[in-house]
Amino acid sequence: MSESPRNVVIIGSGPAGLTAAVYSARANLHPLVIEGLEAGGQLMMTTDVENFPGFRDGIMGPDLMGAMREQAQRFGAEIRQGNVTTVKLSSSPFEILTDEMRLLARTIIIATGASARLLGLPSERALMGHGVSTCATCDGFFFRDREIAVVGGGDTALEEALFLTRFASKVTMLVRREAFRGSKIMQDRAFAHPKVEIRWNTEVTDVRGDMTVNELALRDTVTGEESTLAVQGLFVAIGYKPNTDLFAGQLDLDARGYCVAEHVRCALDYESVRVRNRIEL
């Protein structure tokens with residue numbers, strides 16, 4: 001299906017995409033949001049969001065995204081399911097292909113977010129969904145009264161570990177360095193929690209188990225000493241990879257794969273009005 005060029009097409013429906021939808025809809029640009037494979041973004045897998053202004057006691061991630069979606073639609077944003085497979089930026093209007101449709105856009109807002117990074121171990125892939133997970137809110141329930149490990153030292157790892165204490169009998173945090181990178185308040189909560197144990201300077205070298213995880217092979221990053229840890233689950237929380245493969249070779253990407261942002265000013269012509277509108281992205 002091909003349509004007349006849209007003023008604004010937003011790729012992604014996480015917090016950034018829906019915020020862009022709210023502002024562009026209020027500017028009467030009639031934006032179209034393509035949700036992507038993970039509608040709502042990473043916050044759909046987040047429990048308590050405590051640092052979003054306006055919610056004194058926090059808000060559940062899915063509830064926040066639901067409210068943002070409804071707000072965007074209230075101002076006239078159109079939201080469609082679909083996954084963008086190709087974006088062609090070599091001509092104007094730009095061309096966007098999804099699994100089911102072809103679109104033209106005068107302006108594209110990239111809000112594709114990121115995906116969880118993995119350790120890169122063959123055994124990790126083999127046991128994904130069988131004791132290995134990247135989402136505590138998705139899978140935490142299945143580890144009730146079990147001992148589990150969380151890899152990572154940032155806010156994501158700290159949040160995952162603290163959430164998992166609701167189910168697990170013990171949570172061991174495996175941190176490659178000798179200090180956390182996460183926020184001070186999250187660190188304090190982890191230090192104070194009786195179910196959380198922290199092992200510094202530790203990396204996972206293998207995930208072991210036949211049908212499910214039962215042991216981790218570990219290495220001390222300072223001494224090189226090897227050891228094992230008996231657990232029934234492993235949660236990987238070591239950051240994210242930006243979802244920018246669509247734009248490789250078309251846009252400038254930094255060493256980590258993130259788009260290099262520049263200040264761009266676009267002039268859009270509207271057939272229905274005489275005034276030439278200028279919008280700043």
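Readers should treat all values here as calculations from the given coordinates under stated rules, not as data from a laboratory. Here the structure is a predicted model, which is why all the values come from computation and not from measurement. Note that each Cβ is placed from the backbone with ideal geometry, even for glycine, and that neighbours are counted across all protein chains shown.
Summing Lys, Arg as +1 and Asp, Glu as -1, what charge do residues with Cβ under 9 Å from the Cβ of Ser169 carry, Ser169 excluded? Present the calculation step by step, with values, prior to reporting the outcome.
Values: positive: Arg144, Arg146, Lys170, Lys195; negative: Asp145, Glu147.
Net local charge, Ser169 excluded: +2.
Can you tell me the FRET efficiency between Met211 and Lys170 if r is taken as the Cβ-Cβ distance and R0 is 30 Å, rounded to the nearest 0.05?
Numbers: r = 22 Å, r/R0 = 0.73.
The computed FRET efficiency comes out at 0.85.
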For this session: State the number of lysine pairs found in the chain whose Cα atoms come within less than 24 Å, restricting to pairs 8 or more positions apart or on distinct chains.
Result: 4
For this session: List the chymotrypsin sites (Phe, Trp or Tyr not before Pro) within the range 217-258 that fall in a DSSP loop (any state other than H, G, I, E or B) and whose Cβ has at most 14 other Cβ atoms within 10 Å.
Result: Tyr258
Problem set entry | Positive-end extreme of charge dipole, the chain - chosen from Val175, Ala114, Gly66 (charges on Cβ) | Gly66
Seminar exercise, completed: Simple spin-label estimate for Leu118/Ser4, 7 Å along Cα→Cβ, in nm, reads 4.6
Problem set entry | Total charge dipole magnitude, the range 118-236, about the Cα centre, Cβ charges on Lys, Arg, Asp, Glu only, Debye to nearest 20 | 320
Exercise. Just how far, in whole angstrom, is the range 1-77 from the range 96-158 if you go by their alpha carbon centroids?
Worked result: 19
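Counting Lys and Arg as +1 and Asp and Glu as -1, what is the net charge of the other residues whose Cβ lies under 13 Å from the Cβ of Leu89? Present the calculation step by step, with values, prior to reporting the outcome.
Numbers: positive: Lys88, Arg106; negative: Glu95, Asp252.
That sum, taken over residues with Cβ under 13 Å, equals 0.
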Exercise. Do you know the relative contact order of the chain, to the nearest whole percent, from alpha carbon pairs under 8 angstrom that are 6+ apart?
Worked result: 16
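Once you keep just the Cα pairs under 8 angstrom separated by 6 or more residues, what percentage relative contact order results for the range 118-236?
Relative contact order comes out at 31 percent.
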